[in-house]
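These notes are about the structure you will find just below.
The values are calculated or read from the model by the stated rules, or taken from the named source; none is laboratory data. What you see is a predicted model; the values in this text were computed from it and never measured. Note: ideal-geometry Cβ built from the backbone for every residue, glycine included; neighbour counts use all protein chains shown. For accessibility, only protein heavy atoms count, side chains too; no ligands or nucleic acids. Shrake-Rupley method; radii C 1.70, N 1.55, O 1.52, S 1.80 Å.
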Amino acid sequence: MLIVDAHQDLAWNMLSFGRDYTQSAQQIRLQEQGTLVALNDDTMLGWPEYQSGQVALIFATLFATPQRFCTGAGDRLCFADASQANRLYWEQADVYERLVGENPTKFQLVRMLSDLEGLLAAWETPPAGDEVPSRSQNGHPVGLVLSMEGAEAVSYPGELEQWWERGLRLIGPAWHGNRFCGGTGEPGPLTSEGFALLEMMAELGFGLDLSHMDEQAVLQALDVYPGQIIASHSNALALLNGITGNRLLSNRVIQGIIERDGMIGIVPFNAFLKAGWKRGDRRDEVSIDPFIAQIDYICQIAGDAAHVGIGSDFDGGFGWQSVPTGIETIADLQKLAP
Ligand SMILES: [Zn+2]
(Lines give C-alpha, C1' and ligand atoms only; values in the text may rest on other atoms or scores of the structure.)
Protein backbone atom coordinates (compact mmCIF):
# COMPACT_ATOMS: atom_id res chain seq x y z
CA MET A 1 0.00 0.00 0.00
CA LEU A 2 1.47 3.33 -1.05
CA ILE A 3 1.14 6.26 1.32
CA VAL A 4 0.50 9.89 0.45
CA ASP A 5 1.37 12.32 3.23
CA ALA A 6 -0.42 15.65 2.86
CA HIS A 7 1.89 17.71 5.07
CA GLN A 8 5.60 17.56 5.88
CA ASP A 9 7.74 20.57 6.74
CA LEU A 10 10.93 19.42 5.04
CA ALA A 11 12.49 22.71 3.90
CA TRP A 12 11.92 24.36 7.28
CA ASN A 13 13.92 21.58 8.96
CA MET A 14 16.61 21.53 6.30
CA LEU A 15 17.21 25.26 6.70
CA SER A 16 16.67 25.51 10.46
CA PHE A 17 18.63 22.46 11.60
CA GLY A 18 20.54 21.26 8.54
CA ARG A 19 18.58 18.01 8.45
CA ASP A 20 19.58 15.87 5.49
CA TYR A 21 16.56 13.79 4.57
CA THR A 22 18.52 11.65 2.13
CA GLN A 23 19.78 9.95 5.30
CA SER A 24 17.85 7.70 7.66
CA ALA A 25 15.94 9.03 10.64
CA GLN A 26 18.36 7.06 12.83
CA GLN A 27 21.40 8.74 11.27
CA ILE A 28 19.87 12.18 11.68
CA ARG A 29 19.02 11.47 15.32
CA LEU A 30 22.59 10.29 16.01
CA GLN A 31 24.04 13.42 14.42
CA GLU A 32 21.80 15.63 16.52
CA GLN A 33 22.55 13.83 19.79
CA GLY A 34 23.85 16.33 22.32
CA THR A 35 22.94 19.27 20.12
CA LEU A 36 20.12 21.51 21.10
CA VAL A 37 17.41 21.21 18.53
CA ALA A 38 15.33 23.11 21.03
CA LEU A 39 12.40 23.85 18.77
CA ASN A 40 11.85 20.33 17.67
CA ASP A 41 11.87 16.72 18.78
CA ASP A 42 13.79 13.86 17.16
CA THR A 43 13.11 13.50 13.46
CA MET A 44 10.50 11.07 12.18
CA LEU A 45 11.76 11.23 8.61
CA GLY A 46 14.46 9.91 6.31
CA TRP A 47 14.68 8.50 2.82
CA PRO A 48 15.15 4.85 3.84
CA GLU A 49 12.05 5.17 6.03
CA TYR A 50 10.10 6.59 3.09
CA GLN A 51 11.09 3.43 1.24
CA SER A 52 10.23 0.92 3.95
CA GLY A 53 7.02 2.83 4.68
CA GLN A 54 6.14 3.02 0.97
CA VAL A 55 5.65 6.79 1.28
CA ALA A 56 5.48 7.67 -2.41
CA LEU A 57 4.15 11.21 -2.34
CA ILE A 58 4.55 14.10 0.09
CA PHE A 59 3.05 17.56 0.11
CA ALA A 60 6.19 19.44 1.14
CA THR A 61 5.74 22.86 2.66
CA LEU A 62 7.18 26.28 2.32
CA PHE A 63 6.85 27.76 5.80
CA ALA A 64 8.34 30.55 7.89
CA THR A 65 7.22 32.07 11.18
CA PRO A 66 5.77 35.55 11.68
CA GLN A 67 8.13 37.48 13.96
CA ARG A 68 5.60 37.76 16.77
CA PHE A 69 5.60 33.97 17.17
CA CYS A 70 9.35 33.48 16.95
CA THR A 71 10.83 31.92 20.05
CA GLY A 72 14.42 33.04 19.71
CA ALA A 73 17.31 30.57 19.67
CA GLY A 74 17.11 28.18 16.77
CA ASP A 75 14.06 29.84 15.28
CA ARG A 76 15.88 31.17 12.27
CA LEU A 77 13.17 31.48 9.66
CA CYS A 78 11.22 34.46 10.95
CA PHE A 79 9.76 37.37 9.06
CA ALA A 80 8.70 40.83 10.19
CA ASP A 81 6.98 41.84 6.97
CA ALA A 82 5.74 40.57 3.63
CA SER A 83 8.99 41.20 1.77
CA GLN A 84 10.97 39.15 4.30
CA ALA A 85 8.36 36.39 4.06
CA ASN A 86 8.66 36.50 0.29
CA ARG A 87 12.44 36.02 0.45
CA LEU A 88 12.25 33.17 3.02
CA TYR A 89 9.60 31.26 1.09
CA TRP A 90 11.45 31.55 -2.23
CA GLU A 91 14.56 30.27 -0.44
CA GLN A 92 12.61 27.16 0.51
CA ALA A 93 11.48 26.64 -3.07
CA ASP A 94 15.21 26.79 -3.91
CA VAL A 95 15.95 24.19 -1.23
CA TYR A 96 13.55 21.73 -2.87
CA GLU A 97 15.06 22.49 -6.30
CA ARG A 98 18.50 21.63 -4.90
CA LEU A 99 17.24 18.50 -3.12
CA VAL A 100 15.78 17.04 -6.31
CA GLY A 101 18.62 18.37 -8.48
CA GLU A 102 21.30 16.70 -6.35
CA ASN A 103 19.32 13.52 -5.64
CA PRO A 104 17.20 12.80 -8.69
CA THR A 105 16.91 9.10 -7.84
CA LYS A 106 15.67 9.91 -4.33
CA PHE A 107 13.32 12.88 -4.74
CA GLN A 108 11.32 14.33 -7.63
CA LEU A 109 9.08 17.36 -7.91
CA VAL A 110 5.55 16.55 -9.00
CA ARG A 111 4.09 19.46 -10.97
CA MET A 112 1.83 17.77 -13.49
CA LEU A 113 -0.35 14.71 -13.78
CA SER A 114 2.25 13.14 -16.06
CA ASP A 115 4.87 13.55 -13.29
CA LEU A 116 2.55 11.75 -10.91
CA GLU A 117 1.84 8.97 -13.38
CA GLY A 118 5.58 8.47 -13.96
CA LEU A 119 6.22 8.39 -10.23
CA LEU A 120 3.50 5.85 -9.53
CA ALA A 121 4.67 3.65 -12.40
CA ALA A 122 8.13 3.59 -10.80
CA TRP A 123 6.69 2.61 -7.42
CA GLU A 124 4.69 -0.18 -8.98
CA THR A 125 7.88 -1.68 -10.41
CA PRO A 126 9.60 -3.81 -7.76
CA PRO A 127 13.23 -2.89 -7.05
CA ALA A 128 15.93 -5.06 -8.61
CA GLY A 129 16.52 -8.35 -6.79
CA ASP A 130 14.49 -9.72 -3.93
CA GLU A 131 15.63 -7.23 -1.35
CA VAL A 132 12.97 -5.29 0.48
CA PRO A 133 13.49 -1.57 -0.05
CA SER A 134 14.39 -0.93 3.60
CA ARG A 135 17.53 -3.01 3.18
CA SER A 136 18.43 -1.63 -0.19
CA GLN A 137 19.57 1.61 -1.70
CA ASN A 138 17.56 0.67 -4.76
CA GLY A 139 14.34 2.33 -3.82
CA HIS A 140 12.06 4.69 -5.67
CA PRO A 141 12.08 8.46 -5.87
CA VAL A 142 9.73 10.16 -3.45
CA GLY A 143 7.43 12.69 -5.11
CA LEU A 144 7.16 16.18 -3.66
CA VAL A 145 4.20 18.46 -4.29
CA LEU A 146 5.05 21.96 -3.14
CA SER A 147 2.61 23.44 -0.70
CA MET A 148 2.55 26.86 0.96
CA GLU A 149 1.63 27.22 4.63
CA GLY A 150 0.73 30.84 5.33
CA ALA A 151 0.42 33.08 2.28
CA GLU A 152 2.23 36.14 3.66
CA ALA A 153 4.95 35.42 1.10
CA VAL A 154 2.62 36.22 -1.79
CA SER A 155 3.27 39.91 -2.46
CA TYR A 156 0.22 40.41 -4.71
CA PRO A 157 -2.22 37.96 -6.32
CA GLY A 158 -0.60 38.23 -9.77
CA GLU A 159 2.65 36.89 -8.32
CA LEU A 160 0.94 33.50 -8.02
CA GLU A 161 1.78 32.90 -11.67
CA GLN A 162 5.49 32.81 -10.72
CA TRP A 163 4.79 30.49 -7.81
CA TRP A 164 2.81 28.20 -10.10
CA GLU A 165 5.67 28.19 -12.63
CA ARG A 166 8.00 27.18 -9.82
CA GLY A 167 5.86 24.16 -9.00
CA LEU A 168 3.69 25.34 -6.13
CA ARG A 169 0.31 23.60 -6.30
CA LEU A 170 -1.37 23.98 -2.91
CA ILE A 171 -1.83 27.07 -0.72
CA GLY A 172 -2.99 27.38 2.86
CA PRO A 173 -3.68 31.11 3.21
CA ALA A 174 -3.37 31.13 7.01
CA TRP A 175 -1.15 29.94 9.81
CA HIS A 176 -2.11 32.39 12.51
CA GLY A 177 -4.21 35.35 11.40
CA ASN A 178 -2.83 37.45 8.59
CA ARG A 179 -3.90 39.96 5.97
CA PHE A 180 -5.88 37.29 4.11
CA CYS A 181 -7.99 35.78 6.89
CA GLY A 182 -8.30 34.71 10.49
CA GLY A 183 -6.14 31.79 11.55
CA THR A 184 -5.08 29.67 14.51
CA GLY A 185 -5.74 31.55 17.75
CA GLU A 186 -6.65 34.68 15.81
CA PRO A 187 -10.22 34.35 14.54
CA GLY A 188 -11.66 36.32 11.67
CA PRO A 189 -13.21 36.14 8.21
CA LEU A 190 -11.63 36.29 4.78
CA THR A 191 -10.58 39.85 4.02
CA SER A 192 -10.90 41.51 0.62
CA GLU A 193 -7.25 40.57 0.03
CA GLY A 194 -8.14 37.02 1.01
CA PHE A 195 -10.96 36.86 -1.53
CA ALA A 196 -8.62 38.30 -4.21
CA LEU A 197 -6.02 35.64 -3.38
CA LEU A 198 -8.60 32.86 -3.68
CA GLU A 199 -9.84 34.24 -6.98
CA MET A 200 -6.36 34.17 -8.51
CA MET A 201 -5.64 30.75 -7.00
CA ALA A 202 -8.78 29.38 -8.63
CA GLU A 203 -7.90 30.93 -11.97
CA LEU A 204 -4.51 29.20 -11.98
CA GLY A 205 -5.76 25.88 -10.60
CA PHE A 206 -4.25 25.82 -7.11
CA GLY A 207 -5.62 23.56 -4.41
CA LEU A 208 -6.85 25.36 -1.31
CA ASP A 209 -5.67 24.12 2.09
CA LEU A 210 -8.10 25.06 4.88
CA SER A 211 -5.86 23.90 7.75
CA HIS A 212 -5.14 26.76 10.19
CA MET A 213 -7.88 28.98 8.73
CA ASP A 214 -10.46 30.21 11.21
CA GLU A 215 -13.89 28.61 10.89
CA GLN A 216 -15.53 31.84 9.74
CA ALA A 217 -13.04 32.08 6.85
CA VAL A 218 -13.35 28.36 6.14
CA LEU A 219 -17.13 28.57 5.73
CA GLN A 220 -16.73 31.50 3.33
CA ALA A 221 -14.05 29.63 1.37
CA LEU A 222 -16.21 26.49 1.14
CA ASP A 223 -18.90 28.67 -0.46
CA VAL A 224 -16.77 30.56 -2.96
CA TYR A 225 -13.74 28.45 -3.85
CA PRO A 226 -14.47 26.50 -7.03
CA GLY A 227 -11.26 24.42 -7.05
CA GLN A 228 -9.99 21.44 -5.08
CA ILE A 229 -10.21 21.84 -1.31
CA ILE A 230 -8.38 19.93 1.40
CA ALA A 231 -7.52 20.34 5.07
CA SER A 232 -4.00 18.95 4.85
CA HIS A 233 -3.34 18.49 8.57
CA SER A 234 -6.33 18.90 10.88
CA ASN A 235 -8.09 16.57 13.32
CA ALA A 236 -11.73 16.40 14.37
CA LEU A 237 -12.57 18.54 17.38
CA ALA A 238 -15.51 16.35 18.44
CA LEU A 239 -13.20 13.56 19.69
CA LEU A 240 -11.26 15.93 21.93
CA ASN A 241 -13.51 16.94 24.79
CA GLY A 242 -12.19 19.96 26.60
CA ILE A 243 -10.00 21.37 23.83
CA THR A 244 -10.86 24.91 22.88
CA GLY A 245 -9.50 27.17 20.17
CA ASN A 246 -9.92 27.01 16.42
CA ARG A 247 -7.10 24.71 15.24
CA LEU A 248 -9.27 21.59 14.95
CA LEU A 249 -12.24 20.95 12.68
CA SER A 250 -15.86 21.23 13.84
CA ASN A 251 -18.41 18.74 12.50
CA ARG A 252 -19.89 21.53 10.39
CA VAL A 253 -16.56 22.09 8.66
CA ILE A 254 -15.92 18.36 8.21
CA GLN A 255 -19.35 18.02 6.61
CA GLY A 256 -18.63 21.01 4.37
CA ILE A 257 -15.31 19.59 3.19
CA ILE A 258 -16.94 16.24 2.40
CA GLU A 259 -19.76 17.97 0.47
CA ARG A 260 -17.12 19.77 -1.60
CA ASP A 261 -15.45 16.40 -2.28
CA GLY A 262 -12.47 17.47 -0.24
CA MET A 263 -10.01 15.52 1.84
CA ILE A 264 -8.94 15.73 5.47
CA GLY A 265 -5.43 14.73 6.57
CA ILE A 266 -5.32 13.36 10.12
CA VAL A 267 -2.30 14.29 12.27
CA PRO A 268 -0.61 11.79 14.61
CA PHE A 269 0.40 14.55 17.06
CA ASN A 270 -0.42 13.64 20.66
CA ALA A 271 -1.71 17.12 21.48
CA PHE A 272 -4.30 16.66 18.71
CA LEU A 273 -5.21 13.14 19.87
CA LYS A 274 -5.58 13.44 23.65
CA ALA A 275 -7.10 16.49 25.32
CA GLY A 276 -4.67 18.00 27.79
CA TRP A 277 -1.55 16.34 26.38
CA LYS A 278 1.20 18.92 25.93
CA ARG A 279 4.79 18.96 24.67
CA GLY A 280 7.02 17.41 27.31
CA ASP A 281 4.38 14.97 28.57
CA ARG A 282 5.15 11.26 28.23
CA ARG A 283 4.62 9.98 24.71
CA ASP A 284 3.36 6.62 25.98
CA GLU A 285 0.24 8.31 27.34
CA VAL A 286 -1.09 8.09 23.80
CA SER A 287 -1.43 4.92 21.72
CA ILE A 288 -2.14 4.58 18.03
CA ASP A 289 -5.86 4.03 18.81
CA PRO A 290 -6.99 7.68 18.96
CA PHE A 291 -5.20 8.28 15.65
CA ILE A 292 -7.19 5.44 14.10
CA ALA A 293 -10.35 6.75 15.80
CA GLN A 294 -9.84 10.13 14.10
CA ILE A 295 -9.58 8.46 10.70
CA ASP A 296 -12.64 6.33 11.39
CA TYR A 297 -14.60 9.37 12.59
CA ILE A 298 -14.26 11.09 9.21
CA CYS A 299 -15.20 7.84 7.44
CA GLN A 300 -18.35 7.52 9.56
CA ILE A 301 -19.48 11.06 8.75
CA ALA A 302 -18.70 10.64 5.05
CA GLY A 303 -20.14 7.16 4.80
CA ASP A 304 -17.02 6.10 2.93
CA ALA A 305 -13.23 6.20 3.17
CA ALA A 306 -12.74 8.59 0.26
CA HIS A 307 -12.41 11.82 2.23
CA VAL A 308 -9.77 11.00 4.81
CA GLY A 309 -6.03 10.65 4.60
CA ILE A 310 -2.88 11.39 6.54
CA GLY A 311 -1.23 14.75 7.08
CA SER A 312 1.55 13.77 9.46
CA ASP A 313 2.93 17.30 9.96
CA PHE A 314 6.36 15.67 10.56
CA ASP A 315 8.80 17.32 11.49
CA GLY A 316 6.77 20.50 11.89
CA GLY A 317 7.78 21.54 15.36
CA PHE A 318 7.33 18.09 16.89
CA GLY A 319 8.70 14.60 16.38
CA TRP A 320 9.28 11.26 18.10
CA GLN A 321 8.70 12.56 21.64
CA SER A 322 5.23 13.82 20.68
CA VAL A 323 3.66 11.04 18.63
CA PRO A 324 1.82 7.87 19.71
CA THR A 325 3.76 4.83 20.85
CA GLY A 326 4.16 2.40 17.98
CA ILE A 327 4.91 5.19 15.53
CA GLU A 328 8.68 5.38 15.78
CA THR A 329 9.29 6.80 12.30
CA ILE A 330 7.20 7.63 9.25
CA ALA A 331 7.60 3.99 8.15
CA ASP A 332 5.21 2.91 10.93
CA LEU A 333 2.27 4.60 9.21
CA GLN A 334 1.97 1.26 7.43
CA LYS A 335 0.68 -0.13 10.76
CA LEU A 336 -2.60 1.64 9.97
CA ALA A 337 -3.32 -0.69 7.06
CA PRO A 338 -4.90 -3.59 8.96
ZN1 LIG B 1 0.58 23.59 10.33
*Put +1 on the Cβ of every Lys and Arg and -1 on every Asp and Glu Cβ in segment 189-338; which of 338, 326, 255 then has its Cα farthest towards the positive end of the dipole?*
326
*All other residues with a Cβ under 12 Å from the Cβ of residue 148 taken together, and with Lys, Arg as +1 and Asp, Glu as -1, what is their net charge?*
-3
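From the Cα gyration tensor of segment 4-158, with a ≥ b ≥ c the square roots of its eigenvalues, which class applies: rounded if a/c is under 1.5, or else prolate if a/b is larger than b/c, or else oblate?
Details: a/c = 2.88, a/b = 1.41, b/c = 2.03.
In terms of gyration-tensor shape, oblate.
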_Output needed: Cys residues of the chain lacking any neighbouring Cys C-beta below 4.7 Å, sorted by number._
181, 299
*Rounded to 5, the percent of DSSP beta bridges in segment 90-249 classed as antiparallel*: 20 percent
*asked:* Looking only at the chain, where both bridge partners belong to it, what percent of the DSSP beta bridges are antiparallel (to the nearest 5)?
replied: 10 percent
*Report the relative contact order of the chain, percent, no decimals, based on alpha-carbon pairs under 8 angstrom and at least 6 residues apart.*
20 percent
*Mind checking which of 157, 189, 48 has the largest fluctuation in a GNM of the chain, springs on alpha carbons under 10 Å?*
157
*asked:* To the nearest 20 Debye, how big is the dipole of segment 129-268 about its Cα centre, given +1 on the beta carbon of each Lys and Arg and -1 on that of each Asp and Glu?
replied: 340 debye
*Just the accessible area for residue 109, please: 1.4 Å probe, Å², rounded to the nearest 10?*
30 Å²
*Compare the Cα positions of 217, 240, 45 along the charge dipole of the chain (+1 at Cβ of Lys, Arg; -1 at Cβ of Asp, Glu; about the Cα centre) and return the one farthest towards the positive end.*
240
*asked:* Please list, ordered by chain and number, the residues whose modelled amide H lies under 5 Å from the amide H of residue 309; skip anything fewer than 5 residues away on the same chain.
replied: 264, 265, 266
*Please report the base-10 log of the normalised intensity I(q)/I(0) for the chain, using a Debye sum with one equal scatterer per alpha carbon and no solvent, at each q in 0.06, 0.07 (1/Å).*
-0.19, -0.26
*Could you give the size of the charge dipole of the chain about its Cα centre, using +1 on the Cβ of each K and R and -1 on the Cβ of each D and E, expressed in debye and rounded to the nearest 20?*
560 debye
*asked:* Can you compute the charge dipole magnitude of segment 39-134 about its Cα centre, using +1 on each Lys and Arg Cβ and -1 on each Asp and Glu Cβ, nothing else charged? Give it in debye, rounded to the nearest 20.
replied: 420 debye
*Could you pull out every one of the aspartates and glutamates with an alpha carbon less than 13 Å from that of residue 335, ignoring same-chain neighbours closer than 8 positions?*
289
*Geometric extent, Cα atoms of segment 168-295 - Rg, Dmax (angstrom)*: 15.0, 47
*Would you please give the FRET efficiency between residue 284 and residue 159, computed as 1/(1 + (r/R0)^6) with r the Cβ-Cβ distance and R0 = 56 Å, to the nearest 0.05?*
0.75
*Which value at 222 nm does the chain reach when only helices count, each DSSP H run of 4 or more adding -39,500 (n - 2.57), with the total divided by all residues and rounded to the nearest 500 deg cm²/dmol?*
-9500 deg cm²/dmol
*Over the alpha-carbon set of segment 263-338, divide Rg by the Kirkwood Rh and report the Rg/Rh ratio to two decimals.*
0.96
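For residue 219, what is the net charge nearby, where nearby means another residue's Cβ is under 15 Å from its Cβ and Lys, Arg count +1, Asp, Glu -1?
Here the charged neighbours net out to -2.
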*Which of 154, 139, 71 sits closest to the plus end of the dipole of segment 1-156, meaning its Cα is farthest towards the positive end, when Lys and Arg get +1 and Asp and Glu get -1 on the C-beta?*
71
